Amino acid sequence: MGYYKIKNLEEYFKHYKKSIREPRKFWGKIAEENFIWYQAWDKVVDFNMGEADVKWFVNAKVNITKNCIDRHLAKRGDKTAIIFEPNNPDEKALHISYNELYSRVAKMANVLREQGIKKGDRVCIYLPMIPELAVAILACARIGAIHSVIFAGFSASAVTSRINDCECKMVITSDGGFRGNKSIDLKGIIDEALEKCPTVEKVLVAKRTNTTVNMEEGRDYWLQPLLDAAIPNNVAEIMDAEDPLFILYTSGSTGKPKGMLHTTAGYMVQTAYTFKNIFNHEENDVFWCTADIGWITGHSYILYGPLLNGATTIIFEGIPSYPDFGRFWEVIDKHKVTQFYTAPTAIRSLAKESDEWVDKYDLSTLKVIGSVGEPINEEAWHWYNDHVGKKKCPIVDTWWQTETGSIMISPVPFVTPTKPTYATLPLPGIQPVLMDELRNEIEGNQVVGSLCIKFPWPSMARTIWGDHQRYKDTYFSAFPGKYFTGDGALRDEVGYYRITGRVDDVVIVSGHNLGTAPIEDAINEHPAVAESAIVGFPHDIKGNALYGFIILKEIGEYRDRDNLTKEINEHVSSHIGPIAKLDKIQFVSGLPKTRSGKIMRRILRKIAEGDFSNFGDTSTLLNPEIVDEIKDERI
Ligand code: WT7
């Protein structure tokens with residue numbers, strides 16, 4: 001019997017034990033039985049964690065797109081691979097079958113080859129959420145070019161630094177992109193970015209907004225005529241298991257962005273396996289992950305994971321609030337979505353609106369709903385469970401990172417009993433450990449510590465592009481021999497994990513370790529509060545004190561800010577303890593957030609400290625303008 005699908009809790013424990021005792025047999029069997037290979041491996045895994053050197057499926061030969069597309073054609077050629085749901089609900093959705101996806105990718109792959117792209121070349125993809133984005137990614141993988149997708153919301157300077165870091169030879173972009181009622185001048189941003197990118201030789205431009213753009217002679221080419229002239233067949237490049245598949249830059253809450261490098265076979269095996277189990281995928285399902293493909297969530301769970309399983313996956317161009325706050329729920333209703341995967345920040349922003357938006361749509365096709373990106377607070381978890389899942393869909397709170405490539409800790413729906421705010425148990429093959437300050441592994445349950453992984457897993461990043469030393473220093477040196485996630489976690493009495501947040505989000509107040517996440521949870525429960533962020537700032541007596549940045553739901557009823565400040569502190573005091581009371585509370589209209597929804601605490605810390613000298617790289621912020629507002633109104 002294979003290990004690909006976990007059917008019940010007993011089987012989960014059986015698979016888990018097998019995966020720890022005999023990881024080679026476990027992953028070897030999954031790899032052998034569920035994918036097509038040109039050549040098998042000599043060794044399942046070869047590693048030296050101290051040196052951060054890891055190889056999976058050593059010497060195997062494979063092409064991930066043969067597994068994503070070609071092998072489905074006989075059985076599922078006419079099945080919809082991708083549903084494209086445009087930004088404007090009045091524009092018709094597009095259904096792309098596996099057959100059509102094959103010819104689109106083949107044509108694009110041929111265009112790339114004709115334009116001089118070879119195996120190993122880096123191609124920057126800067127596209128909105130349109131089918132060409134998926135096709136461009138898969139075409140790179142088809143010919144062995146390394147894709148570096150940059151989220152089409154990053155500024156020109158962020159694009160420049162990413163293109164230069166990995167020396168891209170080509171950029172694939174579009175004239176523009178739609179987002180809500182805005183249209184974004186992507187080609188203009190690329191033109192500006194490329195002023196300082198000497199390695200880029202060609203730019204292929206897809207049409208989306210039909211706006212007039214500047215086309216530089218000899219450098220810029222419209223994509224469509226090239227595709228029209230290309231033949232719809234392509235022989236895939238034979239790739240080594242460890243050949244690079246893509247580079248993806250992490251939002252980097254500190255320092256310059258890190259180009260995480262993922263390789264071919266291990267990434268393929270684990271994204272497929274996790275997609276199958278965590279979303280309980282069945283043949284006729286319609287899967288929707290609301291992330292942008294520009295993030296790892298989109299790479300692994302809009303594209304690779306679903307396509308490897310022959311699934312139908314949605315590419316949604318729009319935003320949750322356009323044309324109104326019912327948009328997500330309307331899309332679920334319209335396409336009869338069976339699995340829905342989104343982020344706590346989206347859940348909270350929609351929970352803030354009237355429940356009528358969600359209650360008026362038919363969400364009865366949903367089977368599993370998921371969350372990713374940050375700890376999901378209790379209030380949001382319950383709202384999601386009650387209003388979206390209607391208390392019948394297990395919530396998969398999935399913990400993972402850009403660096404891990406695929407989901408690591410999560411309930412398996414209908415298998416693992418869920419518990420609000422808990423990511424619960426590691427997937428088979430994943431060995432999490434909690435470490436104390438003395439670098440010892442903490443045994444037993446009901447403990448807290450720094451979350452590490454002590455055995456390699458197939459989809460882990462292999463290095464930081466061009467800087468293996470930084471990779472080693474960042475992830476493998478704090479706890480020698482182990483991968484350090486940077487997150488803190490708690491293990492409850494039955495061994496369930498709850499991710500408490502980044503370890504550096506802990507503030508020591510009067511000698512007490514205070515995680516800022518639980519304080520924020522408590523504050524968010526106050527009826528007037530929409531969202532909050534707490535940071536520490538130096539205090540003469542306590543060492544550190546707490547500073548709260550708070551967004552209110554509406555101001556009307558709570559006009560008296562002093563009173564509200566008092567109330568919030570009473571709330572914190574009764575939920576966590578008087579020690580967690582905030583010294584300063586500033587009401588703000590927004591918080592500085594990265595595109596993946598994470599609050600950039602480094603900036604808030606500086607503001608709280610009164611140090612406005614250098615906020616570092618703010619190019620990854622969604623709303624850079626908020627920084628000045630918060631700074632000017634500091635108390
Ligand atoms: C960090 C990774 C990989 C998905 C998108 C974010 C936090 C992620 C959870 C979760 C608590 C979570 C962690 C992690 N995080 N998922 N379910 N519960 N925290 O990828 O930008 O690489 O961020 O996001 O802090 O380290 P990323």
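The values are calculated or read from the model by the stated rules, or taken from the named source; none is laboratory data. None of the values given here were measured: they were computed from a predicted structure. Cβ coordinates were reconstructed from backbone atoms using ideal geometry, including for glycine residues, and neighbour counts include every protein chain displayed.
One table, with the values for the structure above:
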{"read-out": "Wholly within the range 148-229, helices (runs of 4 or more DSSP H) carrying at least 2 residues that are farther than 30 Å from K593 by Cβ and assigned by the TED database to the domain that holds G318", "value": "223-229"}
{"read-out": "Residue match in the range 601-610 (condition: touching a strand residue (DSSP E or B) at 6+ places or on another chain (Cβ under 9 Å), part of a loop (DSSP other than H, G, I, E, B) and over 30 Å from G298 (Cβ atoms))", "value": "yes"}
{"read-out": "Search result, residues across the range 594-605 that are away from the ligand (no atom under 11 Å from the Cβ) and crowded, with 20+ Cβ neighbours inside 10 Å", "value": "I599, M600, R601, I603, L604"}
{"read-out": "Yes/no for K419 being of a type in the set (D, E, K, R) and within 14 Å of the ligand (Cβ to nearest atom)", "value": "yes"}
{"read-out": "Condition check for Y475: aromatic (F, W, Y) and surrounded by 22 or more Cβ atoms within 10 Å (Cβ to Cβ)", "value": "yes"}
{"read-out": "The lone exception for L434 - which of (1) farther than 23 Å from A343 by Cα; (2) in a loop (DSSP other than H, G, I, E, B); (3) modelled with pLDDT of 95 or more it fails", "value": "(2)"}
{"read-out": "Within the range 544-593, considering residues that are touching a residue at least 24 places away in the same chain (Cβ under 8 Å), hydroxyl-bearing (S, T, Y) and farther than 18 Å from D521 by Cβ, the one surrounded by the fewest Cβ atoms within 10 Å (Cβ to Cβ)", "value": "S589"}
{"read-out": "Hits in the range 388-397 - residues which are β-branched (V, I, T) and without any contact (Cβ under 8 Å) to a residue 60 or more places away in the chain", "value": "V388, I395"}
{"read-out": "Close pairs from the range 322-340: first touching a residue at least 60 places away in the same chain (Cβ under 8 Å) and assigned to a helix (DSSP H, G or I), partner surrounded by 21 or more Cβ atoms within 10 Å (Cβ to Cβ) and of a type in the set (D, E, K, R), Cβ under 9 Å, at least 6 apart", "value": "V331/E85; K334/E85; H335/E85"}
{"read-out": "Any hit, the range 450-457, residues being within 16 Å of the ligand (Cβ to nearest atom), surrounded by 22 or more Cβ atoms within 10 Å (Cβ to Cβ) and modelled with pLDDT under 95", "value": "no"}
{"read-out": "Hey, I409 within 10 Å of the ligand (Cβ to nearest atom) and either of a type in the set (F, W, Y) or buried (at least 17 other Cβ atoms within 10 Å of the Cβ) (or both) or not", "value": "yes"}
{"read-out": "Of residues in the range 504-554 being of a type in the set (D, E) and more than 30 Å from the chain's Cα centre (by Cα), the one modelled with the highest pLDDT", "value": "D540"}
{"read-out": "Some residue of the range 95-113 being closer than 22 Å to V159 by Cα and among the charged types (D, E, K, R)", "value": "no"}
{"read-out": "Cβ-Cβ under 7 Å pairs, at least 6 apart or on other chains, the range 371-387 side assigned to a loop (DSSP other than H, G, I, E, B), far side away from the ligand (no atom under 12 Å from the Cβ) and not small (G, A, S)", "value": "N377/D521; N377/N524"}
{"read-out": "Flag for S364 being more than 16 Å from the ligand (Cβ to nearest atom), more than 30 Å from A52 (Cβ to Cβ), assigned to a helix (DSSP H, G or I) and among the hydroxyl-bearing types (S, T, Y)", "value": "no"}
{"read-out": "Qualifying residue in the range 471-486 (condition: within 16 Å of the ligand (Cβ to nearest atom), within 18 Å of P518 (Cα to Cα), polar (S, T, N, Q) and not assigned by the TED database to the domain that holds P518)", "value": "no"}
{"read-out": "Search result, residues across the range 389-406 that are within 12 Å of the ligand (Cβ to nearest atom), assigned to a loop (DSSP other than H, G, I, E, B) and either more than 16 Å from W457 (Cα to Cα) or at pLDDT below 95 (or both)", "value": "T398, Q401"}
{"read-out": "Residue match in the range 493-510 (condition: part of a loop (DSSP other than H, G, I, E, B) and within 16 Å of the ligand (Cβ to nearest atom))", "value": "yes"}
{"read-out": "Tally of residues being modelled with pLDDT under 90 and part of a loop (DSSP other than H, G, I, E, B) across the range 579-599", "value": "4"}
{"read-out": "Residues within the range 434-454 that are of a type in the set (A, V, I, L, M, F, W, C) and more than 23 Å from Y267 (Cβ to Cβ), tallied", "value": "6"}
{"read-out": "The range 14-54, subset aromatic (F, W, Y) and surrounded by 14 or more Cβ atoms within 10 Å (Cβ to Cβ), residue farthest from the chain's Cα centre (by Cα)", "value": "W41"}
{"read-out": "Selected residue (criterion: nearest to the chain's Cα centre (by Cα)) from residues of the range 129-159 that are among the hydroxyl-bearing types (S, T, Y) and at pLDDT below 95", "value": "S155"}
{"read-out": "Matching entry among I376, I369 (being more than 12 Å from the ligand (Cβ to nearest atom) and buried (at least 20 other Cβ atoms within 10 Å of the Cβ))", "value": "I369"}
{"read-out": "Filter result (away from the ligand (no atom under 16 Å from the Cβ) and either of a type in the set (G, A, S) or under 11 Å from I6 (Cα atoms) (or both)) within the range 278-297", "value": "N280"}
